[in-house]
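No lab work stands behind these numbers, since they all come straight from the coordinates. Everything numeric in this text was worked out from a predicted model, so none of it was measured. Cβ atoms come from the backbone with ideal geometry, glycine included; neighbour counts cover every protein chain shown.
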Amino acid sequence: MHTKTRLRTLSALILASGMMAMAQGAQAQDPLKLGLISFYSGPVSGPVGIPSRNGADLIIEAINNGTLPAPYTAAGIGGRQIETVYVDEAVDPVAEYRNAVLRQGVDAVVGYASSGSCLAVAPVAEELKTLTLFYYCGTVRTFEEGPKEYVFRTMNTQDVENIAAARYVLATRDDVNTISGINQNYGWGQESWRDFSKSLQQLKPEVEIKSELFPKFLAGQYGAEVTALSRNKADLIHSSFWGGDLDALILQAAPRGLFKSQTGLLTTGGTALNTLAKQIPDGTIIGVRGNGGILAPDSDFNDWFRAEYEKKYGEQPTFPAYYMAQSVLALKAAADKAAAESGSSAPDMEQIRAALKGIEYDTPAGKVSLNRHNGHQAATELAYGTFKLVDGKPTLENVIRYQPNCVIAPEGAKSLDWIEAGFPGAQCD
Amino acid sequence: MMTFLAIVIDGFIYASWLFIIAAGLSLIYGVMRILNMAHGSFYAIGAYTVASLAGWYWSAGLPPYGGIVLMFVIALAVGALVGFVIERGVLRFLMDRDQIVMVLVTFGLLLMFEDIIKLMWGVQSYYAPEPYSLFGSTDVGDLVFVNYDLAMVGVAALVAFLLWFGLNRTRQGKLLRAVIHDRELAITMGINVRRLFVITFSVGAALGTLAGGLVAPAIAVTPGIGIEIIVLAFAVVVTGGLGSIQGALVGSILIGLARAAAVNLYPELELFVIYGVMALVLIFKPRGLFALASTRKI
Amino acid sequence: MTQKTILEVRDLNKAFGAVVAAADINIEVTEGEIIAIIGANGAGKTTFVNMVTGYLTPTTGTIRFLGQDITGRAPAAVCKAGLTRSFQVAQLFPGLTVMENMLVAFASLRIGTASFFTPLNNAAARKTALGVLSTFGIDPHADAPVSALAQGVRKLLDISMAMISGPSLLMLDEPTSGVAVDEKFPLMETVMAGVRQTDATIMFIEHDMEIVTRYASRVIAFYEGTIIADGPVAQVLDDERVRKYIVGQIQAAATADSP
Amino acid sequence: MRQIDYSFIAIVLAALLLALGAVVFPLWLLSTIVNIIAKALVVIGVILLMRGGLVSFGQGLYYCIGGYVVGLGGQLLGITDIVLLLVFAAIIGIVSGAVIGLLMSRFREIFFAMFSLAIAMILYGMLSQSQALGSTDGFNVARVTALGIELTAGQASLLIYLVACALAAILSILTHIYYKSEVGFACLAAGENEVRLQYLGATPNRIFYGTYIIAATLAALGGALTAINYGHVGPNMTYWTQSGEFIFIALLGGSGSVMAAFVGSTLFEFVRTYALEFAPDAWQLILGTVLVLIIFFLPDGLWSLIQPARSSARIKRRGKAPS
């Protein structure tokens, strides 16, 4: 019966909580609570979650101590120290996101490796008006399904690496006329194959598809798949396998010479280079979902990151490490920009969010500019290379770095339409 | 023809791997009436132990074939040990509980092991690829098969034979069969069931770790592989008939072939084929192909 | 009274693989009879009851009950037709109280869509249940949990549950087995007194010849799946094959395993 | 009789109190409670089956169906009215339960568990292959409306909360009626001694069939509520670990009473959330330990602390009648 009053009370509550968030922003002393969300348990934690967290921790530590290289030398985010709250993405993303924001009171969130999580969390982030940076998930649907105010993504979407892959094949392997695909049977795998095959057929219509395999995610055993691929020979085999599945595929394909007789194109192959150098045949095409990891361009910032990471964790940073770091840096860059613009040394979250729109900033993996989907979606360079074992050490030769405007749908265009229209307006030099 | 051959070979390779896992599961169920979810953890533990220890052995550059022996030894040993501890430490206190409760206990153990494994080995992947390429490969027509995989078929056959021999030709085995057939009767006959339980569970667990250990060289050992495997193994034993070793054998061959056929002929079916086969079998034989007799006296 | 046939068993055979559990069994039961079925363990007595009550399907042969063919019908159908039974080992619902057991028995006969809403514990049902309980003198235990009952009471409850549907033919599988020797007669007395209040015909399997002679009007003797004698008590018990194969055996066994 | 009345009053009071909570509870608690209620509804179904000795390792199937009905109802049919969506989900739940139940009611014990698991996994396979439905990523659910009125996020979450409370109350009462009904007891009896029940003239398969459909409907409603609350659905809802979670909760609460499901669900939610917060690297270890300890020391679930269990014998130990 008192629904009206209750409604009022509640809207008041929401407002209040919004206010509180701002109020907290205002007092520069208390730390900025940053939710760091990725897979810290289960099969995704090893290849993605933990390296990501390591990369982020490294940057956060440096931000707090003010030891980041230029231009990020000022300590803290708008003067505030970062206090990290880790949340495992492996369970109930929406519920745990709400808990992080509403109960643990994080001011901003950096995270999410799975497209499913991103799709589910985005509306909640909007509802709770909480600045949320997606660092790794690939789906194009996040922004194509509607504009967002509080959600940003600091890395390319999954379509981009497959468009670039198609261009790379065209550029380096004009002898490729038949292709096969082996991709995991879930959103990521299905869309990766769709975008790659469509793109390549756009660029080279005579290309013919031999076989399309979609083994179960985390199947682990690919004997039958390798057989099927070997029996139906193609010039090139595309795979967006990642982590353990990728390693298993490489290990099981190697002794059967699959990628020797048919060129392998591994869009996320970058993680396997060091561990499985002996099993990857020369000529295999390797991607890193962007510009990070082994394909990170030489720069002082990159050298610093690499050195610090090896010092801290005793291993080379793989690309997930780069991308979560890249996401945290976006926050830092925006805070600095906001500070400069507003003059105040302590910009609040709203000012930071405003500054994030369309920002362009430096990362260990090169320049990142949030210039898609009105300033919320990143566009970065994206590199591919061809594997070669040089006296026992894995190297990548004829590396090509694709400029965003060559492989990323222009503002306003839906990626799939853009592919099917034949990449109108693509600027590739 | 070539297709057919390919399906048969792939099918049997996959089946032998399935069988080694399923056999342990089925043995434990047959004797103890425990559908052991923690079997997935045993599989993972086997994979981790082999990947880490054998991995170290090979990187130390010691004689390769010794490594193969080592794999079997440590896989079986760690399995027997873990099995023993779990049976003595937990399960024996719950033997009078309902079957379903036992499923849930082992489900709890599965969850616990996930993190215990993480605490022991961390989340990074482990590799021990050397043995996989050690035996070279065989050409069948224009196809290449890895001898290590083909050897798996041999190992599975050996396991099957040893189980058959153990159950039918040894005194302990005969006692076990008595327990499988009718536990109450066996107890009244004065069989020391508790001792048999420990032995059974250790052997079953050892088979689980063996399967994990043998597959380790062909995969990256990462968190969660145990969880992935367990439902698959369930499908096999339920299809074949819980508690029956022949059942496990036939079940794994059936599912192995079905999967290989799907991948080679109708890739889009790969995802259902396993549960499809299981569902089909259960519709016609609700207790699986080789169900244990369970007529109730009134 | 009119000599109406209520059960008619023709050429009943049952084989479990090679084992023949019942061979050419022919029985005609007329209303009001009290028939004792005797035979050594494994003679096929329970198999016979299981076939008639639908738990086992005969390999060949027909079973007619009240004029209709019930061969191979499920126990539920047989029960509804008016043929119920009790069990050698009382078959109860251990998690429920005595009354609840009776109420479930009562509900089972009329379960339908409405039963999702009709409370089990309704006045009408309670009344019927209590009535039956008191005819067998166990109404004082009504609210006791089954797990707490003594053997004798368990047996009586088992029988009460079989009686609640008001059957025309009641089959008792060893009503006195499992109860102490000195309780056998009182128990049987209660059972007979209770059943006589209804017009149910009785067939009961029994090992104790004294009970047989005391209560039965007719005896059927089983041996290795066949009927070796069928007739008035005295005549059957005098038959020398019955003596040799059954009475002797049973007395031997009885002396052997009685404490 | 009297005792029943009390339970009804208790349920209604509890629901009203909970509803009033909307004014005082912090935001995060509201959606958490809806989440708890949604899961509890599924768990009640699991418990109903458990009383009959059937443990469904595939209740996620209907949880997922309910969720997708809501999602698709919004996307394809443009239905966003919260009540309509729930009714819609319930109907589909009944229908699918009635169809699949024809098969399921033939299975018992471990085979029932495994078969239900198989069916759920087949749905998982189909969903994760259908790109139209966003495969494994699932898709977002439009914000609900009430009587055609658009709502703000805040109003919506309040409405969802209140509807959840009402739903909880209604379904608890219905379930309680079932508990006390002839079928309810017959189901319990069937779990304890099926043969005897047949000899009393009942057909256990039919009893299980009916109960199965009820459980399916409850699960579908739980899924629908989750979808409305989360604003997102995905195939994970029918993955076997989700079904395992429901059984976990059922055991936690115990099958003693309808309320037990809510107790269990609440405890589970908080154990998991806080385990996740304070031991992000060992939350599974904690959950597993809790499960094992419960089975060891509280075989009748937490509810047995509040009210000593009597007739949940089936799940406690080998509930076979002496034979």
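With the convex hull built on the Cα atoms of chain A, state its orientation-averaged projected area in nm².
Mean orientational projected area (chain A, Cα hull): 21.9 nm².
If you place +1 on the Cβ of every Lys and Arg, -1 on the Cβ of every Asp and Glu, and leave all else neutral, what size is the dipole of chain A about its Cα centre, to the nearest 20 Debye?
Approximately 660 debye in magnitude.
Where does each of A:141, C:64 land when they are ranked from fewest to most other beta-carbon atoms within 10 angstrom?
C:64, A:141
Could you name the lysines in cross-link range of residue C:155, using Cα to Cα under 28 Å and dropping any fewer than eight places away on the same chain?
B:297, C:45, C:80, C:127, C:184, D:180, D:316, D:320
Can you sort D:212, D:178 by how many other beta carbons sit within 10 Å, fewest first?
D:178, D:212
Quick one: Karplus J couplings for region A:412-429, per residue in order, coefficients 6.51, -1.76, 1.60, θ = phi - 60°, nearest Hz, x for Gly and Pro?
Going residue by residue, I get x, 8, 7, 4, 5, 4, 4, 4, 5, 7, x, 6, x, x, 5, 9, 10, 7 Hz, with x marking Gly and Pro.
Past the 29 angstrom mark, what percentage of all C-alpha to C-alpha distances in region B:49-204 do you count?
Tail of P(r) above 29 Å: 39 percent of Cα pairs.
List the aspartates and glutamates whose alpha-carbon lies under 15 Å from that of residue A:332, not counting same-chain residues fewer than 8 positions away?
The qualifying aspartates and glutamates are A:57, A:61, A:83, A:107, A:341, A:348, A:350, A:360, A:362.
For n ≥ 4 DSSP H runs only, could you compute -39500 (n - 2.57) per run for chain D, divide by its residues and tell me the 222 nm figure to the nearest 500?
Helix-only estimate at 222 nm: -24500 deg cm²/dmol.
To check my understanding: the extent here is largest minus smallest coordinate of the Cα atoms along each principal axis. What are those three numbers for region C:91-165, in Å, largest first?
36, 23, 18
Mind checking Rg over Rh on chain C, alpha carbons, Kirkwood formula for Rh?
0.97
For the pairs A:216/A:311; A:311/A:357; B:285/C:14; A:233/A:278; C:14/C:244, note any where the Cα-Cα span goes beyond 27 Å.
Those over the limit are A:216/A:311; A:311/A:357.
What percentages, rounded to whole numbers, describe P(r) for region B:186-281 computed over all alpha carbon pairs with 10 Å bin width beginning at zero?
It works out to 14, 34, 34, 13, 5, 1, in whole percents.
Label-point separation (nm) for residue B:168 and residue A:395, each offset 7 Å from Cα along Cα-to-Cβ?
Each label point is offset 7 Å from its Cα along the Cβ direction, giving 6.2 nm.
Which three lengths, in whole Å and largest first, does region D:121-201 cover when its Cα atoms are put on their principal axes?
That works out to 57, 36, 17 Å along the principal axes.
R0 = 45 Å: FRET efficiency of residue A:345 with residue A:171, Cβ-based, nearest 0.05?
With R0 = 45 Å, the Cβ-Cβ based efficiency is 0.40.
With labels modelled as points extended 7 Å from the Cα through the Cβ direction, what inter-label distance (nm, one decimal) is found for residue B:56 paired with residue A:304?
3.9
Helix-only estimate, please: 222 nm mean residue ellipticity of chain C, summing -39500 (n - 2.57) across DSSP H runs of length 4 or more and dividing by its residues, to the nearest 500.
My calculation for chain C gives -10500 deg cm²/dmol from helical runs alone.
From the helices alone, meaning DSSP H stretches of at least four residues, give me the mean residue ellipticity at 222 nm for chain B, per-run term -39500 (n - 2.57), in deg cm²/dmol to the nearest 500.
-24000 deg cm²/dmol
At R0 = 22 Å, how high is the FRET efficiency between residue A:417 and residue D:126 if r is their beta carbon distance? Nearest 0.05 is fine.
The pair residue A:417/residue D:126 has a calculated efficiency of 0.20.
At what distance in nm do the modelled label points of residue B:81 and residue B:268 sit from each other, each positioned 7 Å from its Cα along Cα→Cβ?
Placing both labels 7 Å beyond Cα along the Cβ direction yields 5.0 nm.
Magnitude of the Cβ-charge dipole of region C:91-165, K/R +1 and D/E -1, about the Cα centre, nearest 20 debye?
For region C:91-165, the charge dipole is close to 120 debye.
Quick one: give the max-minus-min coordinate of the C-alpha atoms of the protein assembly as shown along each principal axis, largest first, in Å.
Taking the Cα atoms of the protein assembly as shown, the three principal extents are 115, 78, 52 Å.
Would you mind estimating how fast chain B diffuses translationally, via Stokes-Einstein at 10 °C and 1.306 mPa s with the Kirkwood radius over Cα pairs, in µm²/s?
After rounding, the answer is 81 µm²/s.
Using +1 on the beta carbon of Lys and Arg, -1 on that of Asp and Glu, and nothing else charged, what's the dipole of region B:25-226 about the Cα centre, debye to 20?
It works out to roughly 900 debye.
Where is the GNM fluctuation largest for chain D (alpha-carbon springs, 10 angstrom cutoff): D:163, D:258, D:43?
Per the Cα network of chain D with a 10 Å cutoff, D:163 tops the list.
Order these by the 10 Å Cβ neighbour count, fewest first: D:187, A:406.
A:406, D:187
Stick to the Cα atoms of region A:346-429, pair each with every other, and give me the Kirkwood hydrodynamic radius in Å at one decimal.
Radius from the Kirkwood sum: 15.3 Å.
Sequence-distant or interchain residues sharing an amide H contact under 5 Å with residue A:184, placed H: which?
A:189, A:240, A:241
How much length is gained on full extension from residue C:192 to residue C:122, taking 0.36 nm per residue of separation minus their Cα-Cα distance?
22.3 nm
So what's the projected area for chain D, the Cα convex hull averaged over all directions, in nm²?
17.1
Excluding residues fewer than 8 places away in the same chain, name every one of the aspartates and glutamates whose C-alpha is closer than 14 Å to that of residue A:148.
A:126, A:127
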